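Step one of this worksheet: look at the structure below.
The values are calculated or read from the model by the stated rules, or taken from the named source; none is laboratory data. The model shown is predicted, which means the values in this text are computed figures rather than measured ones. Here Cβ is always computed from backbone atoms with ideal geometry, including for glycine, and neighbour counts include all displayed protein chains. Calculation scope for accessible area: heavy atoms of the full protein, side chains included, ligands and nucleic acids excluded. Shrake-Rupley method; radii C 1.70, N 1.55, O 1.52, S 1.80 Å.
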Amino acid sequence: MEIIATIRDMQSKANQLRRDAKSIGVVPTMGFLHEGHLSLIEVARSISDVVVTTLFVNPTQFGPGEDFEHYPRDQERDESLAEGAGTDILFIPGVNEMYPEGYRTFVVTEKISSVLEGKFRPAHFRGVTTVVAKLFHIVKPHQAVFGQKDAQQVAVIRRMVEDLNMGVQLIVAPILREADGLAMSSRNVYLEPEERKSAAALYRALLYAKDAAGRGERDVTVLRGEMMTILDKEHPAAIDYVAFVHEETFDEVAHLESPETLAVLAVRFGKTRLIDNIIIPVPPGEHNES
């Protein structure tokens, strides 16, 4: 596995790979890799000639008082895990490399970036789209693999890619979960033992919504109410939102009638904020045909 730390070297490598007609797959991460990240690398490995994994804790997507300084980091461990999962090139730029003195340019995807996560973390998606746009210009990938856990992030990036004609194919890989259903996340390490136990309620609430929809419930108010009840039983939890949205626009829906609906939620356990989602399938023939 080759390790590259500068933009110039990464662009030079990407240019050579493209001249050699090699397809490039990129997996952008903030490091502290877990099985969820490794599954994304494995997906990229299956569809690309060369896999580039990026490790960069991006300061522009953290708001005031968030955990940028304390975000878990372990580069030596990440290097070993990334190589074992099939990474060919590990791109590890520093903050000054990505945002040199005098940097002033940001990429903003409007509307979809201002709801739900965007409402609770106002500058977050501006930082996400900016760093992903930069990584796409640096790594020059044909495919980019992201995880379903960050569903709104995927929707924002998809909109950016389409609007700016970036020519990158986005692949969305399924959520990997712990045995009790908790979605794998680097932030899970922040949870105290009791908080970790309580956090399993996230998946229970999401499964309830999927199962109830499968039994024919279509009223989002009913579904949300029961999900809130499940979450409210966990006293350490503080609910930021529980919503049902169109997976591409993230417009909220009041009734399940689209096959592209997601149930999404964000909940705080002590100082740790976790997000999760689940696809709510609507049987063929029940949704409106276009």
Based on the Cβ-Cβ distance of Arg215 and Ser80, what FRET efficiency does E = 1/(1 + (r/R0)^6) give at R0 = 45 Å, to the nearest 0.05? 0.45
Which of Thr229, Thr53, Thr261 moves most in a GNM of the chain, Cα contacts under 10 Å? Thr229
How far is it, in nm, from the label point at Arg8 to the one at Lys111 when both lie 7 Å from their Cα along the line to the Cβ? 4.3 nm
For the chain, give the percent of accessible area contributed by carbon and sulfur heavy atoms, probe 1.4 Å, rounded to a whole number. 49 percent
Over the chain, relative contact order from alpha-carbon pairs under 8 Å, at least 6 apart, %: 17 percent
Can you return the aspartates and glutamates within cross-link range of Lys271? Criterion is Cα-Cα under 19 Å, with same-chain partners fewer than 8 residues away left out. Glu66, Asp67, Glu69, Glu117, Glu192, Glu194, Glu195, Asp232, Glu234, Asp240
Provide, in order from the shortest bin, the percent of all Cα-Cα pairs of the stretch 18-156 in each 5 Å bin, continuing until the bin that contains the maximum pair distance. 2, 9, 19, 22, 22, 16, 8, 2, 0, 0
In degrees, nearest 10, the alpha-carbon axis of helix 7-19 is tilted away from the dominant principal axis of the alpha carbons of the chain by 90 degrees
Given (1) 46, 43, 42; (2) 55, 47, 37; (3) 55, 40, 36, which label gives Cα extents along the principal axes in Å as computed from the coordinates? (2)
Relative to the longest principal Cα axis of the chain, at what angle does helix 35-47 sit, 0 to 90 degrees, rounded to 10? 60 degrees
What are the residues whose amide H is under 5 Å from the amide H of Asp240, where those residues sit 5 or more places off or on another chain and H is modelled from the backbone? Ala266, Val267, Arg268
Lysines within cross-link reach of Lys134: Cα-Cα under 25 Å, excluding same-chain residues under 8 positions apart? Lys13, Lys22, Lys111, Lys119, Lys149
Over the stretch 1-136, with neighbouring protein chains present, the accessible area per residue in Å² at probe 1.4 Å is 49 Å²
From the phi of every residue in the stretch 226-234, what ³J(HN,Hα) in whole Hz does the Karplus formula 6.51 cos²θ - 1.76 cosθ + 1.60 yield, where θ is phi - 60° and glycine or proline is x? 6, 4, 4, 4, 4, 6, 5, 5, 8
For the stretch 45-78, which trypsin sites (Lys or Arg not before Pro) are both in a DSSP coil and crowded by at most 16 other Cβ atoms within 10 Å? Arg73
What's the angle, to the nearest 10 degrees (0 to 90), between helix 201-214's Cα axis and the longest principal axis of the chain? 70 degrees
Just the accessible area per residue of the stretch 189-290, please: how many Å² with a 1.4 Å probe? 51 Å²
So how do 194-207, 89-102 stack up, highest first, on mean other-Cβ count within 10 Å? 194-207, 89-102
Spelling out what I want: for every residue of the stretch 151-164, take phi, set θ = phi - 60°, compute 6.51 cos²θ - 1.76 cosθ + 1.60 (Karplus), and round to whole Hz; glycine and proline get x. 5, 5, 4, 4, 5, 5, 5, 4, 4, 4, 4, 6, 5, 9
In the stretch 1-88, the GluC sites (Glu not before Pro) that sit in a DSSP loop and have at most 10 other Cβ atoms within 10 Å of their own Cβ are Glu69
Filtered chymotrypsin sites (Phe, Trp or Tyr not before Pro), the stretch 1-78: DSSP coil and at most 11 other beta carbons within 10 Å: none
Tell me, what ³J(HN,Hα) does each residue in the stretch 21-29 have, in order and in whole Hz, if you take phi through Karplus 6.51 cos²θ - 1.76 cosθ + 1.60 with θ = phi - 60° and put x for Gly and Pro? 6, 8, 7, 10, x, 10, 10, x, 9
Using a 10 Å cut-off on Cβ atoms, rank the peptides 264-273, 13-22 from the highest mean neighbour count down. 264-273, 13-22
Where is the GNM fluctuation largest for the chain (alpha-carbon springs, 10 angstrom cutoff): His70, His37, His255? His70
Go ahead and set up a Gaussian network model of the chain, Cα springs under 10 Å, then flag whichever of Ile112, Ile239, Ile24 fluctuates most. Ile239
